[in-house]
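These notes are about the structure you will find just below.
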Amino acid sequence: MFRDKDFNLLQPLPPNEHYLVHDLDLDTLLGAMAGGDEFLLKVSRVALLNGLTNPTEIAYRQSVLDDCSSHSEIVRQIYEIAVKALFDKHKMFWFTRQDSPTGMMAQSPQVIGMFMGYLKQLRKIVDEHGETFSSEGWTTLFRVLKEELSDDYFSVVDDNLNQLKFRDGTLISAKLTFGNTGMDYVLRDSRNTKQSLKERLGVGGRKSYSFDINSRDEAGMNALNVIMSKGMNSAANSLTQAADHLTNFFAMLRTELAFFVAALNLKEILSAKNEPTCNAVAKPWSPPLLNFIGLYDVCLSLRSQTSVIGNDANADDNSLVVITGANSGGKSTFLRSVGVALVMMRSGMFVPAKSFTASVCEGLFTHFVREEDSSMTSGKLDEELARMSEVVDAITPKCIVLLNESFSATNEREGSEIAYQVIRALIDSDVRTIVVTHLSELALRFYQNDASSALFLQAGRQGTAGRNFKLTPGEPLSTSYGEDVYNRIGGW
């Protein structure tokens with residue numbers, strides 16, 4: 001996910017997370033990515049909503065995803081290895097969890113041995129397919145795995161695991177201190193301490209002397225267990241740390257790959273519908289860049305049986321985009337398509353378009369009109385102003401805000417004045433704004449005063465069926481409610 005750090009699944013979501021998900025219909029997108037898998041859903045949500053702000057980091061992640069697309073079966077196989085390894089570890093701890101040194105000495109080698117089997121599967125994949133990957137992320141991972149998981153490494157680990165089975169007994173050394181109490185207990189290599197046949201029969205000289213504890217001697221057995229625990233404590237801690245290290249490796253591998261597997265799920269769905277996708281060209285914030293060809297609302301496409309009409313636009317060098325036109329003309333759909341594309345670009349994913357270039361923002365905010373809510377304790381305008389206050393409190397320079405019919409709950413004159421002052425302040429604070437509005441006075445005021453720095457788009461129908469919508473550049477249009485009524489009674 002990153003060139004020089006791990007992906008943090010526990011990082012907090014942005015304060016406007018709820019509004020982004022609701023206004024852009026991101027639950028539909030996340031559902032398609034997760035495919036019913038709760039872990040994929042969790043990772044995708046964090047990655048999408050905590051977008052990247054560096055074009056270089058976006059390009060890095062895009063190249064990793066390109067490799068995933070070219071080797072989807074191998075990537076899914078690696079992901080399944082990580083999932084199975086963690087499941088087996090959980091199963092072991094569920095049934096045999098031990099907290100004493102002797103218990104950990106029995107359990108940790110089993111866990112490590114289980115992980116070694118999955119590491120050998122990873123090494124096999126690296127040997128067979130590593131050379132076919134080209135992105136920096138994948139080649140770095142495969143290079144590290146090849147260096148760390150050498151044949152010598154597996155040989156040493158297997159040898160140590162066999163020794164830890166203590167087939168020849170357990171050898172512990174200690175020093176005697178005052179009162180003949182033990183100190184400095186150390187677990188020793190017992191492979192060369194096995195008694196000869198003569199020693200076991202008591203014939204000839206001895207290398208060491210021993211005594212037996214009767215199985216019914218409870219006090220003696222307790223004393224022996226204390227000695228064993230002291231002798232094994234240091235080794236048990238080391239083994240537990242080794243098992244935890246391997247657990248963390250597979251957990252991070254699963255987390256980092258989960259986002260790419262989820263992205264593959266989405267891409268396969270869109271490919272099956274012949275919907276176009278492309279890698280966005282992410283650019284620095286200045287100068288303002290936003291241009292695309294064939295951009296469509298991917299969430300609408302996921303909910304539709306047929307393909308969705310895309311839009312073209314070039315808003316380069318524009319800090320403000322104003323969209324006007326008749327109701328049901330595709331304005332809100334267009335606004336959502338831009339918002340979702342920016343979210344996907346900032347996460348390092350492909351975007352739903354034939355081509356897409358945009359400046360990378362520090363944050364994305366939305367302010368969409370809400371349906372009437374009978375539970376509201378204040379008026380609708382008050383509710384809109386309260387939400388805008390939240391946006392203003394959280395927004396910073398180098399952000400983008402999407403306004404959809406904001407402040408339409410009041411009359412034309414009052415709504416236009418409020419919206420103009422808010423939008424003017426945002427633009428002056430280096431916040432780029434895309435506005436869908438029915439307020440003709442607002443749109444005309446910007447057209448008269450800011451025509452050189454703003455793009456004005458008109459919503460309209462394309463084709464004789466009257467069901468395909470395209471946005472085209474042009475001066476602001478007033479809302480035609482008469483046309484809407486005419487359409488609803490079957491005029492078009």
Residues that are modelled with pLDDT under 70 and outside any strand (DSSP E or B), drawn from region 434-480: GLY463, THR464, ALA465, GLY466, ARG467, LEU477, SER478, THR479, SER480
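One line per residue, one yes/no per condition, for (1) open to solvent by 30 Å² or more (accessible area, probe 1.4 Å); (2) within 30 Å of ASN180 (Cα to Cα); (3) of a type in the set (A, V, I, L, M); (4) modelled with pLDDT of 95 or more:
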residue: ALA223; (1), (2), (3), (4): yes, yes, yes, no
residue: GLY231; (1), (2), (3), (4): no, yes, no, no
residue: SER234; (1), (2), (3), (4): yes, yes, no, no
residue: ARG254; (1), (2), (3), (4): yes, no, no, yes
residue: LEU257; (1), (2), (3), (4): no, no, yes, yes
residue: GLU268; (1), (2), (3), (4): yes, no, no, yes
residue: PRO284; (1), (2), (3), (4): yes, no, no, yes
residue: PHE292; (1), (2), (3), (4): no, no, no, yes
residue: ILE309; (1), (2), (3), (4): yes, no, yes, no
Filter pass, ILE74 being surrounded by 18 or more Cβ atoms within 10 Å (Cβ to Cβ), in contact with a strand residue (DSSP E or B) (Cβ under 7 Å, 6 or more places away or on another chain) and modelled with pLDDT of 95 or more: no
From VAL322, VAL343, residue being at pLDDT 90 or above and under 14 Å from ASP25 (Cα atoms): VAL343
THR396 vs. criteria open to solvent by 40 Å² or more (accessible area, probe 1.4 Å), part of a loop (DSSP other than H, G, I, E, B), at negative phi and touching a residue at least 24 places away in the same chain (Cβ under 8 Å): yes
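If you go through region 161-196 one residue at a time, how many are part of a loop (DSSP other than H, G, I, E, B) and modelled with pLDDT under 70?
Quick first cut of region 161-196, residues part of a loop (DSSP other than H, G, I, E, B) only: 164-170, 177, 181, 189-196.
So of that shortlist, the ones also modelled with pLDDT under 70 come out as 164-170, 189-196.
Here the count works out to 15.
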The lone exception for VAL360 - which of (1) touching a residue at least 40 places away in the same chain (Cβ under 8 Å); (2) among the hydrophobic types (A, V, I, L, M, F, W, C); (3) out of contact with any helix residue (DSSP H, G or I) (no Cβ under 6 Å at 6 or more places or on another chain); (4) closer than 28 Å to PRO284 by Cβ it fails: (3)
Given (1) crowded, with 22+ Cβ neighbours inside 10 Å; (2) under 19 Å from ASN404 (Cβ atoms), index of the condition LEU300 fails: (1)
Unique match (being within 30 Å of ILE125 (Cβ to Cβ), modelled with pLDDT of 70 or more and charged (D, E, K, R)) among ASP158, ASP217: ASP158
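Take PHE115 and decide whether it is in contact (Cβ under 8 Å) with a residue 60 or more places away in the chain and farther than 15 Å from LEU246 by Cβ.
Considered against the rule, which asks whether it is in contact (Cβ under 8 Å) with a residue 60 or more places away in the chain and farther than 15 Å from LEU246 by Cβ, PHE115 comes out as no.
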Matching entry among ASP67, ASP37, ASP27 (being modelled with pLDDT of 95 or more, more than 13 Å from the chain's Cα centre (by Cα), open to solvent by less than 40 Å² (accessible area, probe 1.4 Å) and charged (D, E, K, R)): ASP67
Condition check for LYS146: open to solvent by 50 Å² or more (accessible area, probe 1.4 Å) and at pLDDT 95 or above: no
Total residues in region 84-120, condition within 25 Å of the chain's Cα centre (by Cα), at pLDDT 90 or above and open to solvent by 40 Å² or more (accessible area, probe 1.4 Å): 2
Qualifying positions in region 409-437 - closer than 17 Å to ARG370 by Cα, of a type outside the set (A, V, I, L, M) and buried (at least 20 other Cβ atoms within 10 Å of the Cβ): GLY415, THR437
Subset tally (residues that are open to solvent by less than 40 Å² (accessible area, probe 1.4 Å) and more than 27 Å from VAL392 (Cα to Cα)) for region 1-24: 4
Enumeration of residues in region 311-338 that are among the basic types (Lys, Arg) and open to solvent by 40 Å² or more (accessible area, probe 1.4 Å): ARG336
Hits in region 40-54 (condition: out of contact with any Phe, Trp or Tyr (no Cβ under 6 Å at 6 or more places or on another chain), within 30 Å of PRO287 (Cβ to Cβ) and crowded, with 18+ Cβ neighbours inside 10 Å): LEU48, LEU49, GLY51, LEU52
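The values are calculated or read from the model by the stated rules, or taken from the named source; none is laboratory data. Treat the numbers as computed from the prediction; the structure is a model and nothing was measured. Here Cβ is always computed from backbone atoms with ideal geometry, including for glycine, and neighbour counts include all displayed protein chains. Areas reflect the complete protein model, heavy atoms only, side chains present, ligands, DNA and RNA absent. Shrake-Rupley method; radii C 1.70, N 1.55, O 1.52, S 1.80 Å.
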